[in-house]
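The values are calculated or read from the model by the stated rules, or taken from the named source; none is laboratory data. All figures in this text were calculated on a predicted structure; none of them were measured in a lab. For neighbour counting, all protein chains shown are included, and Cβ atoms are generated from backbone atoms with ideal geometry for every residue, glycine included. Please note that ligands, DNA and RNA were not included when accessible areas were found on the heavy atoms of the full protein model with its side chains. Shrake-Rupley method; radii C 1.70, N 1.55, O 1.52, S 1.80 Å.
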Amino acid sequence: MIDIHVDEDACNGCGLCVKDCPMHVYELQDSTAVPVKAGDCMGCLSCHEICPTQALEHRGVYPSRRHYIDLRVCEMLKRVI
Amino acid sequence: MSEGTIEHMKESFHTDTIYRSEDVPLGCIPPPEELEDTLHGLMKLNGLIIRSLEEIAGRGANAVTYRAGKKFGHEVAKYFRKIDNVEEALEELSHILHGQYTFEAWKPADRASYVIQENGTTFIYLVFHDCIVRQTLRRNGQEQGGPLCQTLFGYVVGAIEEITGKRAKLEIVHTGPNACLKKLILM
Ligand code: SF4
Ligand code: SF4
């Protein structure tokens with residue numbers, strides 16, 4: 001079961017996650033996204049990609065393989081961050 | 001390029017490794033962690049082929065790649081055990097494709113069964129997790145859902161048809177960075 005948490009302080013109520021989620025997991029309530037149907041989330045993480053404030057957190061998602069990430073870029077980033 | 005440079009270049013290809021004709025490779029050479037460059041090269045190549053195909057064939061590109069995938073699916077699944085039941089066939093296929101195209105049957109929380117009937121069609125939702133196609137497209141900054149995805153569609157449809165002996169169709173519902181939702185329509 002996937003558990004979704006929205007950082008209420010970060011969320012700016014843009015509603016992009018509401019529009020983008022194919023399973024209609026979110027609803028806007030008082031200008032904040034609320035995951036009203038977290039049980040229908042299939043873990044695509046489109047909402048993470050679209051959320052401008054990085055307000056979302058999913059627990060229990062299967063992390064798919066990401067071999068396309070360039071290891072050299074990661075190494076460089078690790079040195080900077 | 002001077003002769004010295006060429007000699008220097010040739011030097012890097014000289015090893016003392018002995019190959020005998022009876023030698024059977026017992027491992028992956030080079031080790032998998034050294035395959036990164038090859039993998040990126042392959043992803044770039046596939047992306048370029050698909051981009052060119054789209055430029056030349058336009059919307060017809062989807063039909064070409066779908067057909068290629070379907071043929072491949074039929075070919076590969078010829079050797080699988082025949083199963084009448086679609087759910088069992090999907091389980092078998094998911095096991096076989098694990099790692100390349102890891103997928104599972106999926107249903108919204110309020111549905112009792114994985115086989116859903118809606119507006120006169122019968123379908124099963126499939127969530128694709130690991131996917132070589134998605135990785136290739138993201139590696140190249142290309143959109144998901146185009147001709148390269150059609151190859152995978154064709155492949156799954158071809159394999160399911162071959163295993164179950166029934167006709168099927170696959171539709172994209174949603175593409176995401178971590179998983180994609182598809183509908184396997186049973187006909
Ligand atoms: S991960 Fe996908 S299905 Fe889940 S809430 Fe986000 S957009 Fe919706
Ligand atoms: S996309 Fe992000 S900021 Fe916008 S409503 Fe959803 S959670 Fe809030």
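Quick notes on this one:
- Choice from B:Pro177, B:Pro31, B:Pro147 showing the highest fluctuation, given a GNM over chain B with Cα pairs closer than 10 Å: B:Pro31
- Rounded to the nearest 20 debye, the dipole magnitude of the stretch B:16-174 is 740 debye, with +1 charges on Lys and Arg beta carbons, -1 on Asp and Glu beta carbons, and the Cα centre as origin.
- Cross-link reach list, lysines versus B:Lys70, counting only Cα pairs under 22 Å and skipping chain neighbours closer than eight places: B:Lys78, B:Lys82, B:Lys166, B:Lys169, B:Lys182, B:Lys183
- For the stretch B:27-64, backbone nitrogen atoms closer than 12 Å to the point 7 Å from A:His67 Cα along Cα-to-C-beta are found at B:32-44.
- Gaussian network model of chain B, springs between alpha carbon atoms under 10 Å - residue of B:Ile18, B:Ile160, B:Ile96 with greatest fluctuation: B:Ile18
- Chain A - mean residue ellipticity at 222 nm from DSSP helices (-39,500 (n - 2.57) per run, n ≥ 4, rounded to 500): -6000 deg cm²/dmol
- Charged neighbours of B:Ile116, selected by a Cβ distance under 14 Å, balance to -1 (K, R count +1; D, E count -1).
- The stretch B:110-172: radius of gyration over Cα atoms, expressed as a fraction of 2.2 N^0.38 Å: 1.32
- Between the C-alpha center of the stretch A:57-77 and that of the stretch B:49-99 there is a gap of 27 Å.
- Environment charge at B:Thr151 (Cβ cut-off 11 Å; Lys +1, Arg +1, Asp -1, Glu -1): +3
- By the helix-only formula, in which each DSSP H run with n ≥ 4 contributes -39500 (n - 2.57) and the sum is divided by residues, chain B has a 222 nm mean residue ellipticity of -15500 deg cm²/dmol.
- When B:Asp84, A:Asp7, B:Asp16 are compared by accessible area of protein heavy atoms, the largest-first order is B:Asp16, B:Asp84, A:Asp7, using a 1.4 Å probe.
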